[in-house]
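Novice: Pasting a structure below so you can have a look.
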Amino acid sequence: MLNYFLKRLLGVIPTMLIVAVLVFLFVHLLPGDPARLAAGPEADADTVELVRKDLGLDRPMPEQFVRYFSNALRGDFGTSLRTKRPVSEEIGDRFLPTLYLTIASMVWAVIFGMTIGICSAVWRNQWPDRLGMTLAVSGISFL
């Protein structure tokens with residue numbers, strides 16, 4: 001059991017590294033200039049260049065990735081361009097409401113799933129069973 005747990009835990013490392021690389025690359029592939037976005041539409045070229053340097057966008061991509069990855073490991077996701085607050089605070093503010101919604105949706109899913117499952121078991125191969133199977137397959141299809 002411990003072997004299995006360690007193997008699964010070690011499997012997370014390459015997965016997280018691949019996800020980090022993909023997120024970094026996708027952010028850099030987005031159209032538009034992040035420095036221009038951070039500086040605002042009215043900013044002149046000197047201000048945009050100053051913001052670019054402040055954000056570290058003037059550095060080579062590998063150096064930017066190392067900085068991004070090391071900051072992410074420490075939980076430092078930078079500052080929001082919209083609110084000018086730390087992103088970790090923004091995530092923290094939204095964590096509890098998200099958790100409440102997740103728990104509520106799971107409770108409803110269990111209630112409906114158990115009800116449909118019991119009805120399908122009681123009326124096997126009849127219309128309630130077929131309706132329950134249709135709803136179950138439809139629900140899985142949308143996930």
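Novice: Suppose each label sits 7 Å from its Cα in the direction of the beta carbon; what would the VAL137-ASN125 distance come out to in nanometres?
Specialist: Output for this residue pair reads 1.8 nm.
Novice: For Cα pairs less than 8 Å apart in space and 6+ apart in sequence, what is the mean separation divided by the residue count of the chain, i.e. the relative contact order in percent?
Specialist: Answer for the chain is 10 percent.
Novice: Next up: Hey, if you put +1 on the Cβ of every Lys and Arg and -1 on every Asp and Glu Cβ in the chain, which of GLN126, GLN64, HIS28 ends up farthest toward the positive end of that dipole?
Specialist: Positive-end residue among those listed: GLN126.
Novice: Among [x] 18.0, 59; [y] 23.8, 73; [z] 22.0, 69, which is the computed Rg and Dmax of the Cα atoms in Å?
Specialist: Of the listed options [x] 18.0, 59; [y] 23.8, 73; [z] 22.0, 69, [y] comes from this structure.
Novice: Starting from the amide H of SER80, placed 1.01 Å from N in the peptide plane, find each other amide H under 5 Å away whose residue is 5 or more places distant or on another chain.
Specialist: Here ARG85, VAL87 satisfy the definition.
Novice: Out of the trypsin sites (Lys or Arg not before Pro) in region 26-118, which ones are loop residues according to DSSP with at most 11 other C-beta atoms within 10 Å?
Specialist: ARG74, ARG82, LYS84
Novice: Which is the longest part of the chain that has none of the chymotrypsin sites (Phe, Trp or Tyr not before Pro) sitting in a DSSP loop with at most 15 other Cβ atoms within 10 Å?
Specialist: Result for the longest clean stretch: 1-76.
Computed from the coordinates by the stated procedures, all read-outs in this text should not be read as laboratory data. Bear in mind the structure is a predicted one, so any value in this text is a computation, not a measurement. Positions of Cβ are generated from backbone atoms using ideal geometry, with glycine treated the same way; all protein chains shown enter the neighbour counts.
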